[in-house]
Amino acid sequence: MEGWRIHTGTALALPFDNLDTDQLIPARFMSQPRDAGYDDFLLYDMRRDAHGNLDPGFPLNCDSQASILVVGRNFGSGSSREAAVYALVDAGVRAVIAPSFGDIFASNAVNNGLLPARVSDADGAALLMALSGKPESASVDLETGRLMIGTMSIQFALDGAWRIKLINGWDDIDLTQRHQSDIQTFSKTRRHNAPWVWPHETH
Amino acid sequence: MSAHATLLDKLWSAHEVYRAEDGASLLWVDRHLVHEGSHHAFAKLKARGFGVANPELTFAVVDHYAPTRGRDAIADPNIARMINTLEQNAAQHGIQLFGLNDPNQGIVHVIGPEQGLTLPGLLINCGDSHTSTHGAFGALAFGIGATEVAHVLATQTIWQKKPKAMRIKVDGILGPAVTAKDIALNWIAWLGSDGARGHAVEYSGSTIRDLSMEARMTLCNLSIEGGARFGMIAPDETTFEYIKGRPFAPQGAALDRAMQSWGDLKTDGEAVFDHDVAIDAAKIAPTVTWGTSPDQAIPINGSIPNPDFLKAGRADAARAALDYMGLAPGRPIAGTPIDQVFLGSCTNARIEDLRVAAQVLSGQTAKVPGMVSPGSALVKQQAEQEGLDQIFVSAGLDWVASGCSMCVGMNGDLVGAGKRCASSTNRNFRGRQGRGARTHLMSPAMVAAAAITGTIADVRPLLKGRAA
């Protein structure tokens, strides 16, 4: 995974609350391998009519180049499906700006280099308003935690550990390898103190 | 540990291998449950050249894609491939598999407890958001994404920042036909579907102590629908009685030793929570959802909200939800005609759920079609021994095999576009049960009432004169 500090791209408003993971990617696409890309599955049913034709009125269909999404609260609530993040990332999205995110979605996002940037309710509403007419050029700075759209400069919140991970493009497995001996010691102690944790050996 | 520790504090510190300067903890994972959806994680593991660190603590189960009919010849090649991939990954890494035709197969959050794999004091991970279910045993249980699943497979640990602690205390006696499902929908409607975001919820109070393990699992299961990745209940005699004699649970001296350590798994009297919520059980009515988010729920005797009278933040969402659901504001929710019912899922398909639904349906005929999918093959067997299957079939409902089925529709069990389904499941999201499907969440007893009347209906009058 590549790290990044500053991203400049097109910001688009999706003014909906509770865009849950079932909407981000309907379950029927999740048996597909990742190789071919998940971009077509992003918000599949919201973007299309019953015959599978793209709805020209849906914001994302007007500007498919958007890489920064400004959305309503509780984005990515629901299932743990990382495929929701794959769909966003494969469609070129690098940052999602919202007043709140589903907890599991936010972890999954960071694990794939996608920024879940949290803003206040007031800033979120102001951003949606500013983008209501059309998409705008915008930039996100992970180091300063600022989002710039036109003349607006907005501070976003991001967990410190996640900021470092995104900037460095770190993979947790690499990080954890440094603690291999701690893990082994812990495992031995646990087995000694709580042998019942290991399932009944006769099975 | 100070005398001011919460159950969360105790579980967390018991699993912390290392804490980084930024506050993230590296936690030891006692139990890792995988299913067909874990294929992305196994692919990542392979790409990185890692094996499974502790296969003896890892268990695989076929549930998300499990066909509920015609298992001998799976028609859909995608479904067959998903199941086959899990079988291959389990065999390759030496992981015990509860396969499609295993007599112990079922939904991961039903069979974990049923098999005694779920125990108090464990840290349990699964690539499924309803892993919070296992917290009902006083375990630290939470759902994770595919990258995290790969990490647990490779290292038997997980990085996690400690959540804040929230206590939901429920006291008093629940009214007739008011269940754990109704407690859950009640607090979620009150606090919102992100009301417990960033928190671990501990449920306590006299009402919770009186709940069976099945009901506690339903309550913890739904924590995620209020935004909480973790739900938990301190273990007690009810918990210990449930565990005894389960196939993978400790026995004899090992059980005695385990019980000693489990006795301390409770919040200390002086402990302080970041958020404290109190609920009066007597005020909870059978509850149903009217919208497309689990917090859009009202008592069965209530009216569908008028968005014009809601707060600005909730009004737009309510309008969109009513449009999708095809409902008019201001009308009573009771009496809304439905097209079908579904009784199943990790939320409400345990034996107790089937018993209460059968009690309502006994001797009755369903006015709409429907499906009953037990939470596990063992629940199915038990229900058949008790004759419950006959009650469902006589009422006109389909009695099918166990899996996630119509809760998420991955196995092809779908609700058609525009069709209205009374469902014992956990999510009423748009398209969750199928494109354009309209889902109303409710308890199993209420699903049974909906089947009999063909409408969303109060189960309480139907229970009069029937044995409890």
Notebook entry, point to check: When the dipole is taken about the Cα centre of chain A, and only Lys, Arg (+1) and Asp, Glu (-1) are charged at their Cβ, what size is it in debye, to the nearest 20?
Noted result: 460
Next item on the list: Using Cα centres only, tell me the gap between the range B:60-119 and the range A:4-28 in whole Å.
Entry: 32
Checklist line | From phi via Karplus (6.51, -1.76, 1.60), per-residue ³J(HN,Hα) for the range A:96-109 in Hz, x at Gly/Pro | finding: 10, 10, 8, x, 7, 10, x, 4, 6, 4, 4, 4, 4, 4
Checklist line | Violating pairs (Cα-Cα greater than 30 angstrom) within the set B:Lys244/B:Lys367; B:Lys283/B:Lys419; B:Lys181/B:Lys380; B:Lys10/B:Lys244 | finding: B:Lys244/B:Lys367; B:Lys283/B:Lys419
Next item on the list: Treat the count of other C-beta atoms within 10 Å as a stand-in for reagent exposure and order B:Asp353, B:Asp308 from fewest to most.
Entry: B:Asp308, B:Asp353
Item checked: the range A:106-203: trypsin sites (Lys or Arg not before Pro) in DSSP loop, at most 13 other beta carbons within 10 Å -> A:Arg178
Next item on the list: Just need the relative contact order of chain A here, percent rounded to a whole number, with Cα pairs under 8 Å and 6+ apart.
Entry: 25
Note to self: Quick check on chain A: helices-only [θ] at 222 nm, where DSSP H runs of length 4 and up contribute -39,500 (n - 2.57) each and the sum goes over total residues. Nearest 500, please.
What the structure shows: -8500 deg cm²/dmol
Notebook entry, point to check: Which of the aspartates and glutamates could a cross-linker bridge to B:Lys162, judged by Cα under 15 Å and excluding same-chain residues fewer than eight apart?
Noted result: A:Asp103, A:Asp159, B:Asp9, B:Glu16, B:Glu21, B:Asp22, B:Glu202, B:Asp274
Next item on the list: Counting other Cβ atoms within 10 Å, keep those with at most 10, restrict to DSSP loop, and tell me which trypsin sites (Lys or Arg not before Pro) in the range B:393-468 are left.
Entry: B:Lys464, B:Arg466
Checklist line | Peptide-level mean, for A:29-35, of C-beta atoms on other protein chains within 10 Å | finding: 5
Next item on the list: Can you bin the range A:6-171 into rounded, prolate or oblate? Criterion: square roots of the alpha carbon gyration tensor eigenvalues sorted a ≥ b ≥ c, rounded for a/c under 1.5, prolate for a/b above b/c, oblate for the rest.
Entry: oblate
Next item on the list: Putting +1 on Lys and Arg Cβ atoms and -1 on Asp and Glu Cβ atoms, find which of B:Ala80, B:Ala278, B:Leu57 reaches farthest to the positive end of the dipole of the protein assembly as shown.
Entry: B:Ala278
Next item on the list: In whole Hz, with x marking every Gly and Pro, tabulate ³J(HN,Hα) for the range A:131-138 from phi via Karplus 6.51 cos²θ - 1.76 cosθ + 1.60, θ = phi - 60°.
Entry: 9, 5, x, 6, x, 9, 6, 8
Item checked: Relative contact order of the range B:287-463, defined on C-alpha pairs under 8 angstrom at six or more residues apart (%) -> 28
Margin query: Under 5 Å between amide hydrogens, which residues at least 5 positions from B:Gln105 or on another chain qualify, with H placed 1.01 Å from N in the peptide plane?
Written below: B:Ala377
Item checked: For B:Thr455, residues with placed amide H under 5 Å, excluding near neighbours -> B:Ile338
Item checked: Sequence-distant residues sharing a close amide H with B:Ile144 (under 5 Å, placed H) -> B:Cys126, B:Gly127, B:Asp128
Next item on the list: Tell me what chain B gives for mean residue ellipticity at 222 nm when only DSSP H runs of n ≥ 4 count, each as -39,500 (n - 2.57), the sum divided by the residue total, rounded to 500 deg cm²/dmol.
Entry: -9500 deg cm²/dmol
Checklist line | the protein assembly as shown: C-alpha gyration tensor shape, a/c 1.5 cut-off, then a/b vs b/c | finding: rounded
Check: So what J values fall out for the range B:378-383 if you push phi through Karplus, 6.51 cos²θ - 1.76 cosθ + 1.60 with θ = phi - 60°, rounded to Hz, Gly and Pro as x?
Finding: 6, 5, 4, 4, 4, 4
Notebook entry, point to check: How do B:Leu327, A:Leu42 rank when sorted from fewest to most other Cβ atoms within 10 Å of their own Cβ?
Noted result: B:Leu327, A:Leu42
Note to self: Can you find, among B:Leu100, B:Ile124, B:Thr147, the residue sitting farthest towards the positive end of the charge dipole of the range B:7-275, where Lys and Arg contribute +1 and Asp and Glu -1 at Cβ?
What the structure shows: B:Thr147
Next item on the list: State to the nearest 20 debye the size of the charge dipole of the range B:7-275 about its Cα centre, where the only charges are +1 on K and R beta carbons and -1 on D and E beta carbons.
Entry: 440
Checklist line | Residue-averaged beta-carbon neighbours from other chains (10 angstrom radius) around A:171-183 | finding: 5
Check: Lys/Arg Cβ at +1, Asp/Glu Cβ at -1, dipole of the protein assembly as shown taken about the Cα centre: which of B:Thr455, A:Ser79, A:Asn53 is farthest positive-ward?
Finding: B:Thr455
Margin query: Compute the distance from the alpha-carbon center of the range B:1-41 to that of the range A:35-60, in whole Å.
Written below: 38
Checklist line | Shape call, the range B:1-148: gyration tensor on alpha carbons, a/c limit 1.5 | finding: prolate
Check: If you put +1 on each Lys and Arg Cβ and -1 on each Asp and Glu Cβ, how big is the dipole of chain B around its Cα centre, in Debye rounded to 20?
Finding: 980
Note to self: From the gyration tensor of the Cα coordinates in the range B:7-275, what semi-axes in whole Å does the equivalent ellipsoid have, largest first, with each one equal to sqrt(5λ)?
What the structure shows: 30, 22, 19
Item checked: Inter-part distance where the range B:176-224 and the range B:245-285 are each reduced to a Cα centre, Å -> 15
Check: Which loop trypsin sites (Lys or Arg not before Pro) in the range B:159-256, with loop taken from DSSP, have no more than 14 other Cβ atoms within 10 angstrom of their Cβ?
Finding: B:Lys244
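Read-outs throughout are calculated quantities, based only on the coordinates presented, and are distinct from any laboratory measurement. Nothing here was measured: the structure is a model prediction, and the numbers come from that model. As a convention, Cβ positions derive from the backbone with ideal geometry for all residues, glycine included, and neighbour counts pool all protein chains shown.
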